[in-house]
Amino acid sequence: MVDVALTWNDYGADIELTADDLRQGNDITTAILTSLFSDLRATDEQLPQGEQDHRGWWSDFTGTFGSLLWLLEREKTTEGTAEKARQFCLDALNWLISEAIASSIEIETKLAKPFGLMISIKVSRGLNKKYDYAWQNISNFDYTFNKTTVRIDFD
C-alpha cells in the first residue's frame, strides 16, 4: 500500500491529484512530515504563560501523535530554542524506531537567521520487513515552508 503525495506550502500540506486519482507519494517522508508538523496536545505545564489553547489533533485519543514544535512559534531564536526543536523532533519520530521502520534517526537543528529553523534528519532503514515497500524508490526530501527548512536523508 502506497501513501498519497503531499504538496507542502506555508500553511501546511495539500493532497495532490493526478488526472482522476490521488498521486502516490513517499510513505516514510509523509509519515515524518505529518509527525513533525501535526500539533501534539500540550500539557498545562508545557504551555507558554498566558496561553490556554492546548491544540492537538481532535482524533488523537492517545495524545501521542504529532510534535510540540508549534510551542516554539513565539520563542526567541536562541541555541536553546534549536535544542528544544531537536528534542521535539526526536520525540515525534521515536515511533519509527519503536516499530523498527527505522534503525536510527539522527537530527540536527540550527537557527536560520533572522527567524527560521533548519531541521536535518538522517533516517537509517529498520529491520521490519512489513515496511519494505515503503523503502523502495525512496528519495531524499528538501523543502522550506513557514520559515522552516527540512532536509530528510535516507540511509
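The values are calculated or read from the model by the stated rules, or taken from the named source; none is laboratory data. Computed from a prediction, not measured in an experiment: that's the story for all the values here. As a convention, Cβ positions derive from the backbone with ideal geometry for all residues, glycine included, and neighbour counts pool all protein chains shown. For the accessible areas, the whole protein counts, side chains as well, though only heavy atoms, and no ligand, DNA or RNA atoms are used. Shrake-Rupley method; radii C 1.70, N 1.55, O 1.52, S 1.80 Å.
Worth a mention:
- Number of residues in region 127-147 that are free of Cβ contacts under 8 Å to residues at least 40 places away in the same chain and within 18 Å of the chain's Cα centre (by Cα): the value is 4.
- The criterion of being among the basic types (Lys, Arg), surrounded by 13 or more Cβ atoms within 10 Å (Cβ to Cβ), under 16 Å from the mean Cα position of the chain (by Cα) and part of a helix (DSSP H, G or I) holds for LYS84.
- Within region 67-81, being assigned to a helix (DSSP H, G or I) and hydroxyl-bearing (Ser, Thr, Tyr) holds for one residue alone: THR81.
- Strands (runs of 3 or more DSSP E) fully within region 100-153 counting 2 or more residues that are modelled with pLDDT of 90 or more and surrounded by fewer than 14 Cβ atoms within 10 Å (Cβ to Cβ): 102-112
- On the stretch given as region 60-81, residues that are surrounded by 18 or more Cβ atoms within 10 Å (Cβ to Cβ) and not aliphatic (A, V, I, L, M) total 3.
- When region 11-52 is filtered for residues that are open to solvent by 90 Å² or more (accessible area, probe 1.4 Å), farther than 24 Å from LEU90 by Cβ and assigned to a loop (DSSP other than H, G, I, E, B), the ones remaining, listed by number, are TYR11, ALA19, ASP20, ARG23, GLN49, GLN52.
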